1. Collect the residues in the stretch 58-78 that are within 22 Å of residue 109 (Cα to Cα) and either more than 11 Å from the chain's Cα centre (by Cα) or free of Cβ contacts under 8 Å to residues at least 24 places away in the same chain (or both), keeping them in residue-number order.
2. Just to be sure before I move on: is residue 38 modelled with pLDDT of 85 or more, in a helix (DSSP H, G or I) and over 15 Å from the mean Cα position of the chain (by Cα) in the structure I sent?
3. Please specify each residue of the stretch 69-96 satisfying the condition of being surrounded by 16 or more Cβ atoms within 10 Å (Cβ to Cβ) and part of a helix (DSSP H, G or I).
């Protein structure tokens, strides 16, 4: 896995964050409709998938986003547990699952925006050092138990 934190400053990510914030705090109040609800779902799926890709890689991030969003929108108890973390009411609405379609172009886009070149190699070295450090910490924890 390569460190891809640069995707968090990409126009796609920043635009999705702006759309999500504006929609949740302005558009839904000014023009409540099914469209404003779906817009949040589409933007939220893109934001979460891109943010998770920095930590998990694109495949795992898209998969985790799909599973989490499906659980949030289709399993009644999950939305009640997560609602305080998301800042308000989260409705169980299976029609919102259409937003999962946004994961297809997001997956493609993440594949095209991998770290490459000299900067990519530097990021890869940092990630390898981080993995080695994490492995050492885990070994120390296992010996402490």
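1. 59, 60, 63, 64, 67, 68, 70
2. Criteria met by residue 38.
3. Passing the criteria: 69, 72, 73, 78, 79, 96.
The values are calculated or read from the model by the stated rules, or taken from the named source; none is laboratory data. Keep in mind it's a predicted model, so treat the numbers as computed, not measured. With ideal geometry, Cβ positions are generated from the backbone for all residues, glycine too; neighbour counts draw on all protein chains shown.
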